[in-house]
Each structure stands twice: as structure tokens, then as C-alpha cells.
Amino acid sequence: MKFKNYIKLIKLHLSFLMAPSKTHRNGEAGDFRYLGENGAHRRGAVHITYSSFDMQANVKLVKLFKRFKFRTFYTGNKATNGVAKIPGTSWAPKHHHHLHVGGHTYEVEDV
């Protein structure tokens, strides 16, 4: 590939990566790696289908975010009948490797 074309390709990829997010506008939502057993999430992504996926820790994490008034949670992989695998979350496509958190009520309390 010619150098000139290579530069165009890089610019195209960068413009795609820098496009405004539709679901994370102005920091109103965020994505978090699923927690894995024995710190597996510190070494790389933990998919909801991996044996290292720690269900108890992820349920606890969702409850913690709820305590701090977040209300929207998207996770991947339906358990059964279209219900999200992690209780208290909703299923969304392309969320098999991260928890999406948003919908903060803007109620703040000291704890």
C-alpha cells in the first residue's frame, strides 16, 4: 500500500473512533469489565460466558451501582426466556464482555 493511502486509512479509522458516542454522551454512562474470579478481569476481558466470570461479584457490583442511584444496566447473553443473565440488568446485544451502567438519577447522598 502506498504511504498516502495508508495515511488516509489511518485518518478514516481515527475519525470513526472519535465519533460522538450515542450511549455515553457527556459521561452520563460508562462501561465496566465484568469481574472475574481470582482477579481474571485484571489480566484481560472476562466475557459473561467464561468460566472465570464471577456471578456473585457482578451481582454485588450492580447492587452497589444501584445504591448510588444508577438505574440502567445492560449485560450480554440471555439466560432464559430473554431475561438477562445478571439479575437487575437488561439484556443488550454486544455486551457480552462488559457491563453498561447509566441512567443516574442525579440524587446524591453522603455515605
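No value in this document is a laboratory result; all are computed from the given coordinates. In this text the structure is predicted, and so the values were computed from the model without any measurement. In this analysis, Cβ positions are derived from the backbone assuming ideal geometry, glycine residues included, and neighbour counts consider all displayed protein chains.
Key figures for this structure:
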{"read-out": "Spin-label pair Tyr50/Glu28, simplified geometry with 7 Å Cα→Cβ offset, distance in nm", "value": "3.1 nm"}
{"read-out": "Potential lengthening between Arg42 and Lys94 on full extension [0.36 nm per residue; Cα-Cα distance subtracted]", "value": "16.6 nm"}
